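A.B. asks: Take a look at this one; I'll ask things after.
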Amino acid sequence: MTLSLHLIVLLPFAAAAAVPAVARRFPRSAGWLLLPLPAAIFASLLVWLPRVAAGETPAAAWAWVPAFGFEFSLALDGFGLLFGLLIAGIGTLVVAYAQSYLGPDEDRSRFYLALLLFMGAMLGVVLAENLLTLYMFWEITSISSFLLIGFWHTRTEAREGALKALLITVLGGLALLAGFLLLGLAAGTMSLRELADRAPAVVAHRYYPAIVVLILLGAFTKSAQVPFHLWLPGAMAAPTPVSAYLHSATMVKAGIFLAARMGAVLGGTELWFYTITAAGLATMVLGGFLAVQQRDLKALLAFSTVSQLGFIMAMFGFSTDAALAAGVLHLLNHGIFKGTLFMAVGIIDHATGTRDVGRLSGLGRAMPITAALTFLGALSMAGVPPLNGFVSKEMILDALLHPPVAPNGFTRALPVLAVLGSVFTTAYCLILTVKIFLGPPAAATPKPPHEAPARLWVPPALLATGIVLLGAAPQLAEGAVVVPALRALGAAADRVHVALWHGVTPALGMSGAALALGALLYWRLPRVLPILERLSAFPWNANAVYQGLLRAAEEGAQRWTRRLMTGRIRDYVLYVVGFSAVLIGVGLGRAGLPGLHQALGSLSPLGWVELVTCLVMMGGAFLAAAAVQRIAVALGVATVGFAMAVLWFLRDAPDLALTQTIVETVSIIPLFLAFGFMPALRHRWTGPRVHLGNGLAAAAVGLVVGAVTFLAQGNRLFDSIGTFFLENSYLLGGGRNVVNVMLVDFRGLDTVFETTVFGLAAMAVYALVASRRERGGVVRPRSPLMINPIILPAVTRVLFYLVLVFALYLFFRGHHHPGGGFAAGVMAASAVVLWALAFERTAALAMVPVHPRHLIATGLTLIGAVGLGAVALGYPFLTHGFGHVTVPGLGPVEWATATLFDLGVAFAVAGAIHWLVAAMSDGIPLEQEHIQAYARSRPEHQGGE
Amino acid sequence: MELLLATTVAVVVGAAVYLMLTRELLRVILGGVLLSYGINLALFMAGGVEKAAPPILNSDGVPAQAMMDPVPQALILTAIVIGLGVFALLLALGYRTFEEHRTTDVASLSGVEHE
């Protein structure tokens, strides 16, 4: 019984979601409760191990966005398995260790949530079979790392370290995404397995250099290669279990993982070799150089990690079988010994209260177990036999002597650089061991040194068994994980020979030299240190560059924001319309001339009535723009609206003509508010130059829109889908008014949303205007529209019902003739508007017995019921039925569920407009008795004071 | 005919943009209304300008030879109704802005914290 691949990746995410609940219930022991999860994943991976070692590659795929080649596909090959074991294995130990490491009152919920998020994401990275799947998990590791570094968020260095890590890794991640997309384009696939087969085509592709640079940017930032190494020391602000897990054993190796994976596709070229090897060895030397100068034990380990990562990274630039084998094995070994070291340093920190190298000394007597663990880890890192680090380090040194290109100055420098880096390694390993644990006990540490409880040292001790085991018997790792991993990377795996003792070789000599020189360096360190420090104090170090860039970005963003975001609506409108006009105008200028010619060649004859109508419209528009009085502006707009209705009628759009007329009429209602309660327009606010600028911008926009309109109708590139609706309206929708059938049937879902939006708008108006006033508003000026002549009320008493009857008529003929739910709804509401004009606004409301809110709700419910009724009968949402029934005495009568739908629309629209009237008329100063009458008519509002 | 309608679109849209660039809240809002008219007309023209029968089928449900494209009409019908809702909402917002800040000068509202 084992977990499926998807479960392995997704279970940590599911557990992360459950963490808050678990931690709330058991705030102090959440870690123990979560421990079975990584252990189960580790066990599952072990169960997969024999099959993978035998050459199988279990795979599973879920389609995600198949159109873009985006699959959530996973595969477990030897290399992924090696990483998976590291992630789950060290993850298990870290979950246990952190449980004891964190203080009893620290927020375990947040910690374990981010940790499990990371675990799932990292497993996703190494098991991903698709580039985009890999990328997604890659970014989640960056985010969870950010959260974990910033765990102690009250500390400045934690926040800064988290931000620095996030910025650098995410910028690298973006480069990686670009590289992946280019790679996908070049290879024609996003699948890693298929990519490997297309390597020759990719290498020959013209995108190849860009792909390599972009993908390596991602890999180098993640694995802290020079000059992107600076985030890793900053990441040490995280709790030590996190440093042990993410920032030494697993996440920082993701870059190396990527370089190794991509090496199978992109590797073997000079570009690949020189870039990676140079970056790797430079990182190794610089990391070691900086590590020996650190006073903080964790910073020392951080730079040591940087150094070791460079050392391993260089191997995957070589792409030779021996180098791949050395890299894979050292990857595993480094995860083991560095994880041990970090946890040991965490124990020292806990037990003494300090990590300052200068204040720690002679701890060996008080902390024998921690001392033993640290010695094992450090000696292994320094490459002392018979520990695991020695085995893989020998292999790397040996591989460095056999470069894949013809020997030149560069290749000859490689072994020298490696030995130089190793000298530093030896020196800082001696600091970790001899300086800290041997010698006289320290004079004063914040806490008296004492051995940690077992629950703290057992996890690193378990890990340390690996140091001894894989050192004494490295062939254990060879067959189980190294050879399958190499096979996955495309190496001819059977030629690898892993052993503790290779005889006296050049590599052994290099190792010996590094140990001897390193010991010498450690011995003379007090003398050498000032020189090293002076060397590293040069002003152009990476940190200064980072800070400078960060500051420049922040200040630049602020400057631009201040310049563009003026807070004046006029400027924003200008940006929008100006940019659109320029963009479209340029496009027109480049492509529009032939179209213009064609459009001018096929003009239809001018109609005189249309000419007059259009002139009226233009006149109205000019009036609106130029008028000083607001009534004139409104009149101009209304003129355009009514002329438009005439135009619709002339151009054979009767439904539009009808709706526009009614809407124009009802638009008076909102204007009540404007004219009643807002001050008259003033026109001395702007000077002539601004007016001129506005006029020019307006003219430009108008010109561009007009030109687009003119050209668009002259260029009919394809047949309109209108033909389909014309032909099928009666067949499928049972209605002869095609526009209406489209609204209630073909595009019914649009109408559902539209009606909802309309109702919401009415609700919002009510909330903005009326509800406030009910709580006792300000005294308002008197409305100028309080007209109460004699004739209008008299006529209205009759007209009110006539309008309602006409609305009914519009509704029932709508399916076959101009009319329909919208028109009927607005028309019905306009009866209320009429009443409001003729009498008191409140009286108009009292004419309708239903609260408009309920009217809207009824309408929307009806619409939903019609739609769901279709679903209940097994049809898609909003499928309509229609037909004829024979009613005795009446003959055949038509029925259509679309009518019910339209009725819902009519209800909702009428209710919404009714409510607008209610809201806006609320604003009009009412006589006291009217207010009381109104309150009586709406009892539900009385209690809401 | 096409030129006439396109010119009308240009004039209406131009007047609308001009109004939206002024400092008076009510003008800005009415400019928005005018803009929707202009765009509706432009949309209508996209369906073709040639004179044809309205998109109403005969009693057999068969389309006539030359019939107007119903798609722009359906879209515009929706736009007209929504336009009314938006107009009312904008005016209500403008009214409340005046109520809160005692000004309808858009420029002097810049940087004002809401409520």
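The values are calculated or read from the model by the stated rules, or taken from the named source; none is laboratory data. Quantities reported herein were computed from a predicted structural model and do not represent experimental measurements. Backbone-built Cβ (ideal geometry, glycine too); neighbour counts: all protein chains shown.
A.B. asks: Restricting to region A:360-397, name every residue that is surrounded by fewer than 20 Cβ atoms within 10 Å (Cβ to Cβ) and assigned to a helix (DSSP H, G or I).
C.D. replies: If the condition is that a residue be surrounded by fewer than 20 Cβ atoms within 10 Å (Cβ to Cβ) and assigned to a helix (DSSP H, G or I), then A:368, A:369, A:372 are the ones that fit.
A.B. asks: Still on this structure, I have one more. Among the candidates B:79, B:107, B:74, single out the residue that is modelled with pLDDT of 75 or more and within 7 Å of chain A (Cβ to nearest Cβ).
C.D. replies: Details: B:79 fails: within 7 Å of chain A (Cβ to nearest Cβ); B:107 fails: modelled with pLDDT of 75 or more.
B:74 is the lone residue from the list that is modelled with pLDDT of 75 or more and within 7 Å of chain A (Cβ to nearest Cβ).
A.B. asks: Tell me yes or no: at least one residue of region A:178-185 is in contact with an Asp or Glu (Cβ under 9 Å, 6 or more places away or on another chain) and buried (at least 17 other Cβ atoms within 10 Å of the Cβ).
C.D. replies: First, pick out the residues of region A:178-185 that are in contact with an Asp or Glu (Cβ under 9 Å, 6 or more places away or on another chain): none.
Looking through region A:178-185, none of the residues is in contact with an Asp or Glu (Cβ under 9 Å, 6 or more places away or on another chain) and buried (at least 17 other Cβ atoms within 10 Å of the Cβ).
A.B. asks: Here is a follow-up. Criterion first (in contact with a Lys or Arg (Cβ under 6 Å, 6 or more places away or on another chain) and at pLDDT below 85) does residue A:493 satisfy it? Step through it out loud before you land on a result.
C.D. replies: Working: in contact with a Lys or Arg (Cβ under 6 Å, 6 or more places away or on another chain): yes; at pLDDT below 85: yes.
It is true that residue A:493 is in contact with a Lys or Arg (Cβ under 6 Å, 6 or more places away or on another chain) and at pLDDT below 85.
A.B. asks: Looking at the structure I just gave you, is residue A:347 crowded, with 20+ Cβ neighbours inside 10 Å and either touching an Asp or Glu at 6+ places or on another chain (Cβ under 9 Å) or free of Cβ contacts under 8 Å to residues at least 40 places away in the same chain (or both)?
C.D. replies: So residue A:347 passes the test.
A.B. asks: How do the pairs read when you match residues in region A:608-630 that are more than 9 Å from chain B (Cβ to nearest Cβ) with residues anywhere that are loosely packed, with under 14 Cβ neighbours inside 10 Å and among the aromatic types (Phe, Trp, Tyr), using Cβ under 7 Å and keeping only pairs 6 or more apart or on different chains?
C.D. replies: none
A.B. asks: Only one of A:945, A:927 is under 20 Å from residue A:768 (Cα atoms) and at pLDDT below 80; which?
C.D. replies: Step by step, each of A:945, A:927 is checked, and only A:945 is under 20 Å from residue A:768 (Cα atoms) and at pLDDT below 80.
A.B. asks: So which residues in region A:639-661 are within 46 Å of the chain's Cα centre (by Cα) and farther than 22 Å from residue B:69 by Cβ, if there are any at all?
C.D. replies: A:640, A:641, listed by residue number.
A.B. asks: Tell me, please, whether a residue that is on the phi > 0 side of the Ramachandran plot, more than 7 Å from chain B (Cβ to nearest Cβ) and either in contact with a helix residue (DSSP H, G or I) (Cβ under 8 Å, 6 or more places away or on another chain) or in contact (Cβ under 8 Å) with a residue 24 or more places away in the chain (or both) can be found in region A:711-730.
C.D. replies: no
A.B. asks: Identify, from the list B:63, B:72, the residue that is in contact with a strand residue (DSSP E or B) (Cβ under 9 Å, 6 or more places away or on another chain) and over 19 Å from residue A:639 (Cα atoms). Before you say what the answer is, go through the steps one by one.
C.D. replies: Details: B:72 fails: in contact with a strand residue (DSSP E or B) (Cβ under 9 Å, 6 or more places away or on another chain).
That would be B:63, the only listed residue that is in contact with a strand residue (DSSP E or B) (Cβ under 9 Å, 6 or more places away or on another chain) and over 19 Å from residue A:639 (Cα atoms).
Conditions (1) more than 9 Å from chain B (Cβ to nearest Cβ); (2) in a helix (DSSP H, G or I); (3) surrounded by 19 or more Cβ atoms within 10 Å (Cβ to Cβ); (4) among the β-branched types (Val, Ile, Thr), marked per residue:
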residue	(1), (2), (3), (4)
A:634	no, yes, yes, no
A:642	yes, yes, no, no
A:648	no, yes, yes, no
A:657	yes, yes, yes, no
A:661	yes, yes, yes, yes
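A.B. asks: Among the helices (runs of 4 or more DSSP H) confined wholly to region A:479-578, which include 3 or more residues that are within 14 Å of chain B (Cβ to nearest Cβ) and on the phi < 0 side of the Ramachandran plot?
C.D. replies: A:542-564
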